[in-house]
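Colleague: Supplied in structure tokens, the structure appears directly below.
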């Protein structure tokens, strides 16, 4: 039986054709759900309306279908801002309650 980890390993071999890194390493894969008849993947693009999205979706489907023939593969592009892994730590920082410049509470 195919697992989420199996799918993740396959997705590590799918590369963004413009950045030349794995879609997993780029933090583009948001969700992987494996059910008896379906493998569902949520994907965030590095740029809105990426012209390479159809190519990446096709590659994902082809590679996953190589490890399973009894499940449909569904890839959904999320309408979500992509945060590169090298910026992730910046985005996780908490916003201070008071501005250091004006010492006023932020609204």
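Colleague: For residue 82, indicate whether it is at pLDDT below 95, under 17 Å from residue 25 (Cβ atoms), part of a loop (DSSP other than H, G, I, E, B) and under 12 Å from the mean Cα position of the chain (by Cα).
Modeller: In short, yes.
Colleague: Still on this structure, I have one more. In segment 31-66, what residues are over 14 Å from residue 13 (Cα atoms) and assigned to a loop (DSSP other than H, G, I, E, B)?
Modeller: 35, 36, 37, 44, 45, 46, 47, 48, 49, 50, 51, 52
Colleague: When residues of segment 1-27 are filtered for being modelled with pLDDT of 95 or more, in contact with a strand residue (DSSP E or B) (Cβ under 8 Å, 6 or more places away or on another chain) and in a loop (DSSP other than H, G, I, E, B), how many remain?
Modeller: 4
The values are calculated or read from the model by the stated rules, or taken from the named source; none is laboratory data. What you see is a predicted model, and the numbers here were worked out from it, not measured in a lab. Counting neighbours? That spans all protein chains shown, and the Cβs are built from the backbone with ideal geometry, glycine included.
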